[in-house]
Amino acid sequence: MTGAGHGFGREIALSLSTMGCTVFACDGPGETARQELGTVVAAAVSLAGSIEVEVVDFTDEAEVRGVTDHRSQISTFWSSMPAACLGTATIRLNRSTWPAGMPYFL
């Protein structure tokens with residue numbers, strides 16, 4: 001779940017966790033994103049699912065690949081950020097290398 005530090009992204013991540021999902025939540029880049037994601041983890045402590053967080057620079061293709069490469073258990077990609085905010089690295093990753101059959105929502 002991108003943009004999970006605040007707003008719609010935060011609420012979607014917490015709602016999915018409430019339903020028992022394991023959520024990988026990311027936002028960024030920067031210290032503000034790190035602090036916001038910390039509040040998401042704290043809010044999710046008593047929920048049925050779990051939330052793992054990471055700060056990501058979505059304009060850095062290598063960083064985006066690194067985040068997705070070591071998470072082979074991802075079943076669905078949700079982005080709460082407009083495509084223009086995600087950067088060409090993430091858009092290129094989704095269009096050309098996202099695993100066949102895995103849905104993503106931009």
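The values are calculated or read from the model by the stated rules, or taken from the named source; none is laboratory data. Being a predicted model, the structure only gives us computed values, none of them experimental. Backbone-built Cβ (ideal geometry, glycine too); neighbour counts: all protein chains shown.
The table that follows gives values for the structure above.
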| quantity | calculated |
| --- | --- |
| Any hit, the stretch 21-34, residues being aliphatic (A, V, I, L, M), at pLDDT 90 or above and at negative phi | yes |
| In the stretch 43-63, the residues that are within 17 Å of residue 12 (Cβ to Cβ) and among the aliphatic types (A, V, I, L, M) | 43, 44, 47, 48, 51, 53, 56 |
| Condition met for residue 65 (out of contact with any His (no Cβ under 6 Å at 6 or more places or on another chain), surrounded by fewer than 16 Cβ atoms within 10 Å (Cβ to Cβ) and modelled with pLDDT of 90 or more) | no |
| Count of the stretch 19-50 residues which are touching an Asp or Glu at 6+ places or on another chain (Cβ under 9 Å), surrounded by fewer than 19 Cβ atoms within 10 Å (Cβ to Cβ) and farther than 24 Å from residue 61 by Cα | 2 |
| Neighbours by Cβ (under 8 Å, 6+ apart or cross-chain): first from the stretch 5-18, touching a residue at least 60 places away in the same chain (Cβ under 8 Å) and surrounded by 21 or more Cβ atoms within 10 Å (Cβ to Cβ); second β-branched (Val, Ile, Thr) and outside any loop (DSSP other than H, G, I, E, B) | 9/2 |
